[in-house]
Amino acid sequence: MKVGARVLKTGIAIALALFIADWLSLPEPIFAGIAAIFAVQPSIYRSYMTVFEQIQSNLLGAAFAVVFAMIFGNSYFMVGLTTILAIVLMLKLKLQKTIPLALVTIIAIMEIQGDDFLLAAMFRIFTIGTGVLSAFAVNLVFIPPKYETRLFTKISTTQDDIIRWIRIGIRHAADHQALKQAVTSIEEQLVKTDQLFLLFKEERGYTKKAKYAKGRKLVIYRELIATSYKSLYVIRRLYAYEHDIIQLPDHFHMMIQERLDTLLTYHEHLHLKFIGKLKPDQFDWITNDHFIKRHEVMEIFMTQIYETKREEDFSTYHLLHLLSAILTYEEHLEHLDTLITSYQTYHGEEIDVKVEV
């Protein structure tokens, strides 16, 4: 079982909120702990952006609860009606992310019994606000998240899976059911990668130089992810048109296999190049005369169509889809190489060497 930073932050935020509420002798300190649960955020920037919304939701929920409780009472029906109206208004105000906190405030206030309703409601509002601010403080000082490390590691491990399945697929050694499950798993990992990219994007630099370097790095990570999607598309084409690929002439099939092997090695080297673990001269082989150029591939393809157009078992239409996927993947690799080279030229000293493959 792995305990992440957010799990620890949640526990510490709850404990801190309960401690502060008890230290201030606030009634029902448990509401501070409940509020802290909803206020913990995965990043410092997101915590900063939502703390004001959370305070607004707390006050808005309190206003609804006080007004409806004093006018219509606090029956179960009125509690439910109040929460519905509060949700509708908060959706209009685009505060949907903090609706749970507002509902906690409404329930906490409307369940109050006794003559000192307004005073008790004020204490409940302050108690919940204490929980929000406690969680905000923990987000600021405790375990700053390292989303770049997690992002690159996720990209690298997911790409390793893609490369492995492409190499197996082009050799027709993959079990269909296993490959189908692998593609589904890879798609899920890429979705998580997109989420990590958004969290990393939210992190802010504190100097103009750091912001500029961060902007260039974001472009690289966006292209890293886009290239992974293009390589996944190659797997889909290999899987969808496996029968047609088997029917290819041996020399043409070998050309596609060798080209894919070269591109996959190129992709692996680009990851190492980005984190400074590869010598600059290791990319000479990708531009030498032994590597067939794209226009030459298309010429060979057109020749192959002409030679085999009368054979019913040979689908040039499907082959066109496969070659298109491979050539698009190659273009993204070349663009990624250009971006990495440019970044290292201007910000090479700022590359995080702690990133692990």
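Just a few scattered comments:
- Residue within segment 112-122 that is open to solvent by less than 30 Å² (accessible area, probe 1.4 Å) and within 14 Å of Gln56 (Cβ to Cβ) present: no
- Matching residues in segment 243-276 - criterion: being of a type in the set (D, E, K, R), buried (at least 16 other Cβ atoms within 10 Å of the Cβ) and farther than 17 Å from Thr338 by Cα: Asp244, Arg259
- Options Ile170, Ile186, Ile166; residue that is within 18 Å of Tyr233 (Cα to Cα), within 21 Å of the chain's Cα centre (by Cα) and open to solvent by less than 50 Å² (accessible area, probe 1.4 Å): Ile186
- Among the numbered conditions (1) more than 32 Å from the chain's Cα centre (by Cα); (2) of a type outside the set (D, E, K, R); (3) outside any helix (DSSP H, G or I), the only one that Leu278 does not meet is (1).
- Filter pass, Thr193 being touching a His at 6+ places or on another chain (Cβ under 6 Å) and closer than 27 Å to Thr345 by Cα: no
Table: residues versus (1) of a type in the set (Asp, Glu); (2) at pLDDT 85 or above.
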residue: Thr262; (1), (2): no, yes
residue: Lys293; (1), (2): no, no
residue: Glu299; (1), (2): yes, no
residue: Glu311; (1), (2): yes, no
residue: His318; (1), (2): no, no
residue: Leu322; (1), (2): no, no
residue: Ala325; (1), (2): no, yes
residue: Glu350; (1), (2): yes, no
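- Whenever a residue of segment 159-183 is without any contact (Cβ under 8 Å) to a residue 60 or more places away in the chain, its partners that are crowded, with 17+ Cβ neighbours inside 10 Å and not in a helix (DSSP H, G or I), lying with C-beta atoms within less than 8 angstrom and at least six residues away or across chains, give the pairs Ile168/Ala174.
- Taking segment 1-106 as the region of interest, the helices (runs of 4 or more DSSP H) fully inside it that hold 3 or more residues being among the polar types (S, T, N, Q) and under 26 Å from Leu198 (Cβ atoms) are 44-72.
Yes or no, residue by residue, for (1) out of contact with any Phe, Trp or Tyr (no Cβ under 6 Å at 6 or more places or on another chain); (2) without any contact (Cβ under 8 Å) to a residue 12 or more places away in the chain; (3) charged (D, E, K, R):
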{"site": "Val51", "(1), (2), (3)": "no, no, no"}
{"site": "Gly61", "(1), (2), (3)": "yes, no, no"}
{"site": "Phe68", "(1), (2), (3)": "yes, no, no"}
{"site": "Phe72", "(1), (2), (3)": "yes, yes, no"}
{"site": "Thr82", "(1), (2), (3)": "no, no, no"}
{"site": "Lys97", "(1), (2), (3)": "yes, no, yes"}
{"site": "Phe117", "(1), (2), (3)": "yes, no, no"}
{"site": "Ala121", "(1), (2), (3)": "yes, no, no"}
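- Filter result (open to solvent by 60 Å² or more (accessible area, probe 1.4 Å) and either polar (S, T, N, Q) or touching an Asp or Glu at 6+ places or on another chain (Cβ under 8 Å) (or both)) within segment 139-159: Thr157
- Inter-residue pairs, beta-carbon under 6 Å, first under 21 Å from Thr98 (Cα atoms) and touching a residue at least 40 places away in the same chain (Cβ under 8 Å) and in segment 19-41, second in a helix (DSSP H, G or I) and open to solvent by 90 Å² or more (accessible area, probe 1.4 Å), 6+ apart: Pro29/Asp22
- Qualifying position, being at pLDDT 90 or above, of a type in the set (Val, Ile, Thr), touching a Leu at 6+ places or on another chain (Cβ under 6 Å) and more than 26 Å from Leu323 (Cβ to Cβ), among Ile220, Ile162: Ile220
The values are calculated or read from the model by the stated rules, or taken from the named source; none is laboratory data. Because the structure is predicted, anything quoted here is derived from the model rather than measured. As a convention, Cβ positions derive from the backbone with ideal geometry for all residues, glycine included, and neighbour counts pool all protein chains shown. With ligands, DNA and RNA removed, areas are computed over all heavy atoms of the protein, side chains included. Shrake-Rupley method; radii C 1.70, N 1.55, O 1.52, S 1.80 Å.
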